[in-house]
Amino acid sequence: MPANDPRAKAPDHVAIIMDGNGRWATARGRPRLFGHQAGARRVSEIVEACPELGVRYLTIFAFSTENWKRTQAEVSGLMTLFRRYILKEAQRLLNKRVRVRFIGDRDRLDPKLVRLMDDLEALTEANDHVHLTIALNYGGRDEVTRATRRLAREVAEGRIDPDSVTAETLGRFLDTHTLPDPDLVIRTSGEARISNFLLWQSAYAEYEFVDTLWPDFTADKFAEILARFGKRERRFGAVIG
């Protein structure tokens, strides 16, 4: 990539907390699910913008382990939306050479949805243009807990020496073990918190909290944030200069 290419300093991996769908809908006098539907359409635009902007990995926070606390109607509507999104977008994602992965605890999800998730992962497994990871029934603490449980089992069964365990060892048991850590985490809607998202992986990520509600988060706004990222000096704990 030429030094003057605007993608030269683009983050390789961007993670997004897609917040504000409900407020966007309420402001328009519509039910919250209307906002989630608009948000799903926005996902497609951002995914398609990634190659031109130099982003190879995109991880989106679709449904957290805490979102089960929402009303039964909203949760049910979201699960239906996830199924429809997979069925509608599968062929387009394949044609755009997008590889899709899902992270999170699948045990609580409907088996029909899980089968669709498995099928989409298998369908797009050979793609490498954009790596889209969808966090569904995901929580950072839950992920680390599940990883620790699996690691403890390996230690108990004698396959891993406890004295040899490092941060890298635990990382191999995380949902994201095949992915690079995010370089940049974006949260929309004006909230300035990370909400239990990629806690382990984002230790040295840059953060951007923007006021824009997710359904209004265009590819142009995305590009503006990436341009700002390119001007940052990342030290990873070291002193430079």
Could you tell me whether Asp181 is at pLDDT 95 or above, touching a strand residue (DSSP E or B) at 6+ places or on another chain (Cβ under 9 Å), over 16 Å from Asp19 (Cα atoms) and not basic (Lys, Arg)?
yes
Considering residues that are β-branched (Val, Ile, Thr) and touching a residue at least 12 places away in the same chain (Cβ under 8 Å), the number found within segment 118-167 is 7
Screening Arg149, Arg159 for residues that are outside any helix (DSSP H, G or I) and either at pLDDT 95 or above or surrounded by fewer than 14 Cβ atoms within 10 Å (Cβ to Cβ) (or both) leaves only Arg159
Filter result (within 18 Å of the chain's Cα centre (by Cα) and free of Cβ contacts under 8 Å to residues at least 12 places away in the same chain) within segment 87-117:
Val114
Any pair with Cβ under 6 angstrom, 6 or more apart, that starts in segment 202-218 at a residue that is in a strand (DSSP E or B) and ends at one that is surrounded by fewer than 15 Cβ atoms within 10 Å (Cβ to Cβ):
Glu206/Arg232; Phe209/Ala192
Output the residue which, of all residues in segment 167-222 that are more than 15 Å from the chain's Cα centre (by Cα) and among the basic types (Lys, Arg), is farthest from Gly39 (Cα to Cα).
Arg172
Can you list residue pairs whose Cβ atoms sit under 7 Å apart, with the first residue in segment 174-190 being farther than 20 Å from Phe222 by Cα and the second being surrounded by 23 or more Cβ atoms within 10 Å (Cβ to Cβ) and charged (D, E, K, R)? Count only pairs 6 or more apart in sequence or on different chains.
Leu174/Glu143; Asp175/Glu143
Inside segment 96-112, the number of residues satisfying the requirement of being in contact with a Lys or Arg (Cβ under 9 Å, 6 or more places away or on another chain) and more than 19 Å from Ser44 (Cβ to Cβ) is 3
Per the filter on segment 184-207, residues crowded, with 18+ Cβ neighbours inside 10 Å, touching a Lys or Arg at 6+ places or on another chain (Cβ under 8 Å) and more than 25 Å from Arg150 (Cβ to Cβ) are Arg187, Ser189
In segment 122-146, how many are over 14 Å from Arg106 (Cα atoms) and in a helix (DSSP H, G or I)?
6
Could you check how many residues of segment 84-114 are surrounded by fewer than 18 Cβ atoms within 10 Å (Cβ to Cβ), basic (Lys, Arg) and within 23 Å of Arg150 (Cβ to Cβ)?
2
Find the residue count for segment 30-49, including only residues that are more than 12 Å from Lys96 (Cβ to Cβ) and among the small types (Gly, Ala, Ser).
4
Residues being surrounded by fewer than 17 Cβ atoms within 10 Å (Cβ to Cβ) and either within 24 Å of Val144 (Cα to Cα) or of a type in the set (S, T, N, Q) (or both) - total across segment 209-220:
1
Looking at this structure, is Glu125 more than 22 Å from Ile17 (Cα to Cα), of a type in the set (Asp, Glu) and out of contact with any helix residue (DSSP H, G or I) (no Cβ under 6 Å at 6 or more places or on another chain)?
yes
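The values are calculated or read from the model by the stated rules, or taken from the named source; none is laboratory data. The shown structure was predicted, so the numbers you read here are calculated from the model rather than taken from an experiment. Here the Cβ is made from the backbone with ideal geometry for all residues, glycine too, and neighbour counts use every protein chain on show.
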